[in-house]
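The values are calculated or read from the model by the stated rules, or taken from the named source; none is laboratory data. Note that the structure is a prediction, hence the values are computed from the model and not measured. Cβ placement follows ideal geometry from the backbone for every residue including glycine, while neighbour counts extend to all protein chains displayed. When the accessible area is computed, the model is the full protein with side chains, heavy atoms only, and any ligands, DNA or RNA have been set aside. Shrake-Rupley method; radii C 1.70, N 1.55, O 1.52, S 1.80 Å.
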Amino acid sequence: MTSIEFREASDADLDELATIRAGEWGTEQYWRDRIRGYASGALSPGQALATRVIYAAVEDSRIVGFIAGHLTRRFDCDGELQWLNVIPEKRRTGVAAGLLRILAFWFADQNAKRVCVDADPENPGARAFYRKHGAQDLNPHWLVWPDITEFATQ
């Protein structure tokens, strides 16, 4: 069994991230533009601040998942989880939890405790994952960690 390496994504990784994201919906070109724009700061979600990061989960030189987050003022939060994607064959193996933990450490380093995430009400699996890892319902679309740094240290 190989191990998963978690590292900050580079510009060279962004096309591979777009391919993973397009596996859920949209086209690879759409996600290339969105992810590159997000990474460069040219595209920002509502109330996002400039400070942001993308981490990749890598197994045998292949990206198997990624997570992105940024500082924000949305919903009086300090941070926002933008995307979390794991390839289908690596779901339920701890990759998503590992990515969430590394992002939680990043938020802690940024002094960002209250962190929100938009999770579609039609995606009960994602909502259950976030709740399992300490998020609470904020409204029908959003969940919030009152203090994500608690998850980082579990």
What does the highest-first list of 147-154, 41-48, 95-102, 16-23 look like by mean Cβ count within 10 Å? 95-102, 16-23, 147-154, 41-48
Using θ = phi - 60° and Karplus 6.51 cos²θ - 1.76 cosθ + 1.60, couplings along segment 46-58 (whole Hz; Gly, Pro as x): x, 6, 6, 9, 5, 6, 8, 8, 10, 10, 10, 9, 10
Listed highest first by mean packing, meaning other Cβ atoms within 10 Å per residue, what order do 26-35, 3-12 come in? 26-35, 3-12
Over the chain, average the accessible area per residue using a 1.4 Å probe and give it in Å², no decimals. 52 Å²
Going 7 Å from the Cα of K90 in the Cα-to-Cβ direction, what parts of segment 8-29 have a backbone nitrogen less than 11 Å from that spot? 17, 20
Expressed in nanometres to one decimal, the distance between label points 7 Å along Cα→Cβ at D76 and S10 is 4.3 nm
Pairs of Cα atoms farther than 19 Å apart, segment 33-95, %: 38 percent
Take the Cα of L138, step 7 Å along the line toward its Cβ, and report every residue of segment 55-83 whose backbone nitrogen sits under 15 Å from that point. 69-83
FRET efficiency estimate (nearest 0.05) - Cβ-Cβ, T51 to Q154, R0 25 angstrom: 0.55
Over the chain, what is the percentage of antiparallel beta bridges among all DSSP beta bridges, to the nearest 5? 90 percent
Kindly give the semi-axes, whole Å and largest first, of the ellipsoid equivalent to the chain, taking each as the square root of 5 times a Cα gyration tensor eigenvalue. 22, 18, 16
Distant-in-sequence amide H partners of V64 (H built 1.01 Å from N, under 5 Å): A57, V58, E59
Two-site label geometry, S61 and S3: point separation in nm, points 7 Å out along Cα→Cβ: 2.0 nm
Would you tally the net charge around R127, using a Cβ to Cβ cut-off of less than 14 Å, leaving R127 out, and scoring K and R as +1, D and E as -1? -2
Helices from the chain with mean Kyte-Doolittle at least 0.0 and a Cα length along the axis of 15 Å or more, per DSSP H: which? 95-109
